[in-house]
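Right, one structure below, let's go through it.
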Amino acid sequence: MNYLEIQYKLVGKTLPADHGYALYSVVKKLVLDRKDTYGELLIDRSLPPETLISSISGVPDRDGTIFLNRYSRLRLRCPNDNVQLWYRLLQEQLFDIQGHLIRLVQPQLTLPEPSESLKARLVTFKLKEWNQCEAPTQFLISCQRALDKLEIQAKPFIDSDRSGDLAKRSLYIHGKHVMGYGVVIEGLKPEDSIKLQCLGMGGRKHFGCGWFYPSQELANAA
């Protein structure tokens, strides 16, 4: 698939731990403010579904904040045709993310790398209901359906957190917590691994959800 990933190093100190929607909002506003030049990055005033934005990693504290480190990056994947526009638009931009300032510097381009096993920190689906007993089963069924739709033969798992519990996580949007899980996909063919990284899985992919990376990547670099 003809996708590239842009990675920006960050100048800043902290971010809200739950910053996916706020980051998307700032990026979208920037494109809208410059739509005369960058309007082709939009579809009906929104980012196109083929553009994926990762959340930014850091060292968490217990007060809902992360501290940025040398591995922290803003990462964006998009079709090759849009790479130069995103590259120019975001370079040296100063973002205010809920009062936390970060500047995007020293962009680098890279290709998604194939891996037999991929991870995503958070994947979300619209389940009929969310309860502790039924949610894992319904969630895994949704993961398998998403893989089938992409014509990918592989096995999905719900990941575990550092304490050994299911990696249940949430994203705060418009006053509501959207629930999901960390996901591992194993048994991927090289071409399917690239496809999944380029297209993602589930919803809210502009907010950092459904962003897959090779399992062997350093966790703090993802």
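The values are calculated or read from the model by the stated rules, or taken from the named source; none is laboratory data. Predicted model only: the values in this text are computed from it and were never measured. Because the Cβ atoms are built from the backbone with ideal geometry, glycine has one as well, and the counts that use them run over all protein chains shown. Just the protein is used for accessible areas: all its heavy atoms, side chains included, with ligands, DNA and RNA removed. Shrake-Rupley method; radii C 1.70, N 1.55, O 1.52, S 1.80 Å.
Look through the range 47-72, keep the residues that are of a type in the set (Gly, Ala, Ser) and in contact with a Leu (Cβ under 6 Å, 6 or more places away or on another chain), and return whichever of them is least open to solvent (accessible area, probe 1.4 Å).
Step by step, filter the range 47-72, then rank; the result is Ser72.
Filter the range 175-188 for residues that are touching a residue at least 40 places away in the same chain (Cβ under 8 Å) and assigned to a loop (DSSP other than H, G, I, E, B); which is surrounded by the fewest Cβ atoms within 10 Å (Cβ to Cβ)?
Only one residue fits best here, namely Gly187.
Output the qualifying pairs, or none if there are none: Cβ atoms under 7 angstrom, residues six or more apart or on different chains, first residue in the range 189-201 and of a type in the set (Asp, Glu), second residue surrounded by 19 or more Cβ atoms within 10 Å (Cβ to Cβ).
Here the result reads Asp192/Ile152; Asp192/Ala154, each pair linking the range 189-201 to a residue that is surrounded by 19 or more Cβ atoms within 10 Å (Cβ to Cβ).
Would you pick out the residues in the range 29-60 that are farther than 18 Å from Ala120 by Cα, charged (D, E, K, R) and touching a residue at least 40 places away in the same chain (Cβ under 8 Å)?
Scanning the range 29-60 gives Arg34, Glu40.
Looking at (1) under 18 Å from the mean Cα position of the chain (by Cα); (2) of a type outside the set (Gly, Ala, Ser); (3) within 19 Å of Leu10 (Cα to Cα), can you tell me which one Glu50 breaks?
For Glu50, the exception is condition (3).
Check whether at least one residue in the range 56-72 is at pLDDT below 95, under 15 Å from Gln108 (Cα atoms), of a type in the set (Phe, Trp, Tyr) and within 20 Å of the chain's Cα centre (by Cα), and report yes or no.
Scanning the range 56-72, I find at least one residue that is at pLDDT below 95, under 15 Å from Gln108 (Cα atoms), of a type in the set (Phe, Trp, Tyr) and within 20 Å of the chain's Cα centre (by Cα), so the answer is yes.
Looking at Ala221, Ala146, Ala167, Ala154, can you tell me which residue is more than 17 Å from Glu5 (Cα to Cα), at pLDDT below 95 and surrounded by 14 or more Cβ atoms within 10 Å (Cβ to Cβ)?
Going through Ala221, Ala146, Ala167, Ala154 in turn, the sole match is Ala167.
Which ones in the range 73-93 are under 11 Å from Leu41 (Cα atoms), among the hydrophobic types (A, V, I, L, M, F, W, C) and either open to solvent by 50 Å² or more (accessible area, probe 1.4 Å) or touching a helix residue (DSSP H, G or I) at 6+ places or on another chain (Cβ under 8 Å) (or both)?
Cys78, Leu85, Trp86, Leu89
Residues being part of a loop (DSSP other than H, G, I, E, B) and at pLDDT 85 or above: count how many of those fall in the range 120-143.
Selection size over the range 120-143: 4.
For Gln197, which of the numbered conditions (1) open to solvent by less than 80 Å² (accessible area, probe 1.4 Å); (2) under 21 Å from Gly20 (Cα atoms); (3) out of contact with any Leu (no Cβ under 8 Å at 6 or more places or on another chain) fails to hold?
(3)
Among the residues of the range 94-119 satisfying the criterion of being under 22 Å from Ile185 (Cα atoms) and acidic (Asp, Glu), which is modelled with the lowest pLDDT?
Glu113
In the list Asp148, Asp165, Asp161, which residue meets the criterion of being closer than 26 Å to Ala22 by Cβ and over 17 Å from the mean Cα position of the chain (by Cα)?
Asp161
Please specify each residue of the range 2-42 satisfying the condition of being more than 21 Å from Asn80 (Cβ to Cβ) and aromatic (Phe, Trp, Tyr).
Passing the criteria: Tyr21, Tyr24.
Could you list, in sequence order, all residues of the range 117-137 that are in contact (Cβ under 8 Å) with a residue 12 or more places away in the chain and open to solvent by less than 100 Å² (accessible area, probe 1.4 Å)?
Across the range 117-137, the qualifying residues are Ser117, Leu118, Lys119, Ala120, Leu122, Val123, Thr124, Phe125, Leu127, Trp130, Ala135, Pro136.
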